[in-house]
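The structure under discussion appears below in the form of structure tokens.
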Amino acid sequence: MGGDQMKKGFLKVLMLVLSIFLVGCGGEKEKTDGVQQAKAPQKKVIKMSMKFVEDEQTAKTFHQVANKINDRLKDNLEIQVFTGGQLPIGKDSMEQVVGGANWISVDGINFLGDYVPDYNAVVGPMLYNNFDEYLAMTKSDLVKNLNAEAEKKGIKVLSLDYLFGFRSMLTEKEVKTPEDLKGLKIRVPNSQLYMLTLEAMGANPTPLPFTEVYSGIQQKVVDGLEGSLMTIYGTKIYEVRKQVSLTNHLLGVSAVTISNKVWNELTDEQRKVIEEEIYNGSVYNTDETVKLEKEYQTKLEELGVKFNEVDAVAFNKAIENVFNQFPKWTPGIYNQIMDELNKIRNK
Ligand code: G3P
């Protein structure tokens, strides 16, 4: 091989090595008209989806939480809040989480219960006397173990503490006993726990997305619903039904969840900020809920809504057997929950 040929061969190899090197650096630099330019770091966008409408406190709280997270994480992460079911909610929202989308679901704990059934037992009927008992339960080892189970299924639980009040009946006629619910079609979220609870209480439970409840009542698809004061006032559903009967049968509370895969891809700083703001938001949300429930009762009364006490003993007796109707729950889970609750009550 002559000297010239050797030089040419060497140059070719050098060009090849250089081009491989430049392709390798493609993520960092972009070529525009022959000039290398630094690319802005990619901002991660996470969509947060919920059923709550803008006028409900939970939606207001999450706008605030997202703003704080976005402010603190500036250019590298943005949480976008979608309220009122603009994006998939319920089961469909949870599927986004499990499927690894950049997604935060804010929805009923029952949808988490579809993956780890014992969560439903923790929010079973007539367990808690007040919010504090429930909030202590979510910090217990029992619930921490469920959160660890959820992680194995690809779900990171960010909070179970977004309360929106105990749920009661909203119907046309006054309800005092289980007898009064006989033959009434009562809207419930799409959940076996709600179906069995309302059935035990004497009603005909009818699952329906909340977005269809107002028209559902007008068109007589359902006779009434069950929900918290926050829901009744915030969604204006009181316009079509005026009797609240205080059964307080289930706790209105949301699970805030994200894909475990997405969570693990975030930086330590991003995880810290999200955790802190979601926690602070939950404390604020509970304080607001306690305050607003009183305010809303007065406002609802002014709007012609009547509040009725019920025969609590009769309703408690009616739901006694509900806890025995879930073959997927861990045997003895009710007793475990009651032991935990007794510890909480005796503290
Ligand atoms: O916006 C609706 C919300 O307040 C209650 O929804 O499905 O838990 O009754 P749900």
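Just so it is clear, none of the values below were taken in a lab; they were calculated from the coordinates. Computed from a predicted model, the values in this text were never measured in an experiment. Counting neighbours? That spans all protein chains shown, and the Cβs are built from the backbone with ideal geometry, glycine included.
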What is the sum of charges around residue 250, taking Lys and Arg as +1, Asp and Glu as -1, for the other residues whose C-beta is under 11 Å from the C-beta of residue 250?
0
Placing unit charges on C-beta atoms (Lys and Arg positive, Asp and Glu negative, everything else neutral), compute the dipole magnitude of the stretch 44-346 about its Cα centre in debye, rounded to 20.
360
For the stretch 310-327 and the stretch 202-269, write down the distance between their C-alpha centroids in whole Å.
21
With a 10 Å radius around each residue's Cβ, average the other Cβ atoms per peptide and rank 224-235, 97-108, highest first.
224-235, 97-108
For residue 148 and residue 129, extending 7 Å from Cα along the Cα-Cβ vector and measuring point to point gives, in nm, a value of 3.1
Name the residue farthest towards the positive end of the dipole of the chain from the options 307, 238, 112, assuming +1 on Cβ of Lys and Arg, -1 on Cβ of Asp and Glu, about the Cα centre.
112
Output the relative contact order of the chain, whole-number percent, from Cα pairs under 8 angstrom with separation of 6+ residues.
22
Low-density loop positions, trypsin sites (Lys or Arg not before Pro), the stretch 56-142 - DSSP coil, at most 14 other Cβ in 10 Å
74, 139
On a full-extension model of 0.36 nm per residue, what is the gain between residue 313 and residue 219, subtracting their alpha-carbon distance, rounded to one decimal in nm?
30.5 nm
Dipole of the stretch 42-173, Cα-centred, from +1 at each Lys and Arg C-beta and -1 at each Asp and Glu C-beta, to the nearest 20 debye?
360
Could you tell me which residue out of 138, 228, 67 lies farthest along the dipole of the chain toward its positive end? Charges go on the beta carbon: Lys and Arg +1, Asp and Glu -1, centred on the Cα centre.
67
Please go through the stretch 181-242 and write out the trypsin sites (Lys or Arg not before Pro) that DSSP classes as loop and that have at most 16 other C-beta atoms within 10 Å.
182, 220, 236, 242
Tell me the label-point distance for the pair residue 301, residue 211, using the 7 Å Cα-to-Cβ offset, in nm and rounded to one decimal.
3.6
Just how large is the dipole of the stretch 136-253 about the Cα centre, in debye to the nearest 20, putting +1 at every Lys and Arg Cβ and -1 at every Asp and Glu Cβ?
160
Among 278, 318, 215, whose Cα lies farthest out toward the positive end of the dipole of the chain, if unit charges sit on the beta carbon of Lys, Arg (+1) and Asp, Glu (-1)?
278
